[in-house]
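Asks: Handing you this structure, nothing more for now.
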Amino acid sequence: MAIKQIDFGSNEYDQMVLLRKKILREPLGLSFSEEELAQEKNDILIAAFDEDEILGCCVLTKFNNEKIRLRQMAVRADMQLTGIGASIMTFAENLARDKGFNYMIMHSRDTAIGFYEKIGYKVTSDEFTEVGISHHIMQKELGS
């Protein structure tokens with residue numbers, strides 16, 4: 001498995017969008033708008049591949065000079081619970097730290113809170129609804 005930063009608009013990015021749509025959006029009856037995807041051209045796009053086949057991905061969006069926001073974390077359904085998600089998170093955290101960010105934040109679906117807590121994230125908000133389901137803000141100090 002190789003984890004790497006990918007380019008907006010590439011074939012790898014197209015695979016990433018399809019995976020996120022299947023894992024994160026379709027179960028909620030949602031899709032992506034052209035405007036939503038266009039905003040990602042300035043984001044950091046990360047994906048894990050087995051040869052040319054995508055296994056998982058995430059998007060990092062600058063929040064401010066200290067914080068970067070993790071979004072759209074997805075792992076192929078048949079590959080969940082295999083460590084791919086944790087490996088993607090380690091890669092994302094290291095990349096964010098190298099770019100000078102001190103904190104990673106996210107809007108975590110309640111169903112994923114346990115996963116993020118295991119790798120050091122803390123809930124920092126009350127429950128709120130986003131895309132029709134319960135979320136909490138989570139944060140982790142990246143250290144140096």
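Please treat every number below as a calculation from the coordinates, not as lab data. Treat the numbers as computed from the prediction; the structure is a model and nothing was measured. In this analysis, Cβ positions are derived from the backbone assuming ideal geometry, glycine residues included, and neighbour counts consider all displayed protein chains.
Asks: Among (1) surrounded by 18 or more Cβ atoms within 10 Å (Cβ to Cβ); (2) in contact with an Asp or Glu (Cβ under 7 Å, 6 or more places away or on another chain), which single condition is residue 20 missing?
Replies: The one condition residue 20 does not meet is (2).
Okay, residues lined up against (1) buried (at least 19 other Cβ atoms within 10 Å of the Cβ); (2) of a type outside the set (D, E, K, R); (3) in contact with a strand residue (DSSP E or B) (Cβ under 9 Å, 6 or more places away or on another chain):
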{"residue": "2", "(1), (2), (3)": "no, yes, yes"}
{"residue": "26", "(1), (2), (3)": "no, no, no"}
{"residue": "30", "(1), (2), (3)": "no, yes, no"}
{"residue": "38", "(1), (2), (3)": "no, yes, no"}
{"residue": "53", "(1), (2), (3)": "no, no, no"}
{"residue": "65", "(1), (2), (3)": "no, yes, no"}
{"residue": "68", "(1), (2), (3)": "yes, yes, yes"}
{"residue": "104", "(1), (2), (3)": "yes, yes, yes"}
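One line per residue, one yes/no per condition, for (1) surrounded by fewer than 21 Cβ atoms within 10 Å (Cβ to Cβ); (2) in contact with a Ser or Thr (Cβ under 7 Å, 6 or more places away or on another chain); (3) over 17 Å from residue 12 (Cβ atoms); (4) among the charged types (D, E, K, R):
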| position | (1), (2), (3), (4) |
| --- | --- |
| 59 | yes, no, no, no |
| 84 | yes, no, no, no |
| 88 | no, no, no, no |
| 143 | yes, no, yes, no |
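Asks: Restricting the first residue to the stretch 59-76 and requiring it to be at negative phi, which pairs with a second residue that is assigned to a loop (DSSP other than H, G, I, E, B) and of a type in the set (Lys, Arg) meet a Cβ separation below 8 Å and a spacing of at least six or different chains?
Replies: Cβ pairs passing all conditions: 68/99.
Asks: Scanning for something in a helix (DSSP H, G or I), of a type outside the set (Val, Ile, Thr), more than 16 Å from residue 84 (Cα to Cα) and under 12 Å from the mean Cα position of the chain (by Cα), does the stretch 26-42 turn up at least one residue? Quick ask: steps written out before the conclusion?
Replies: So the first thing to find is which residues in the stretch 26-42 are in a helix (DSSP H, G or I), and the list is 26-28, 34-42.
Cutting the leftovers down to of a type outside the set (Val, Ile, Thr) gives us 26-28, 34-42.
From what's left, more than 16 Å from residue 84 (Cα to Cα): 26-28, 34-42.
Add one more test, that the residue is under 12 Å from the mean Cα position of the chain (by Cα), and what stays is none.
No, the stretch 26-42 has no match at all.
Asks: Need pairs with beta-carbon distance below 7 Å; first residue among the charged types (D, E, K, R) and within the stretch 78-100, second outside any helix (DSSP H, G or I) and surrounded by 12 or more Cβ atoms within 10 Å (Cβ to Cβ); sequence gap 6+ or separate chains.
Replies: 93/104; 93/142; 97/142
Asks: Sticking with this one: Before we move on, is residue 46 assigned to a helix (DSSP H, G or I), in contact with a helix residue (DSSP H, G or I) (Cβ under 8 Å, 6 or more places away or on another chain) and within 19 Å of residue 116 (Cβ to Cβ)?
Replies: On the way: assigned to a helix (DSSP H, G or I): no; in contact with a helix residue (DSSP H, G or I) (Cβ under 8 Å, 6 or more places away or on another chain): yes; within 19 Å of residue 116 (Cβ to Cβ): yes.
No, not satisfied.
Asks: Please work out which residue is nearest to residue 80 (Cα to Cα), limiting yourself to the stretch 113-143 and to residues that are in contact with a helix residue (DSSP H, G or I) (Cβ under 9 Å, 6 or more places away or on another chain) and hydrophobic (A, V, I, L, M, F, W, C).
Replies: Within the stretch 113-143, the match that is nearest to residue 80 (Cα to Cα) is 115.
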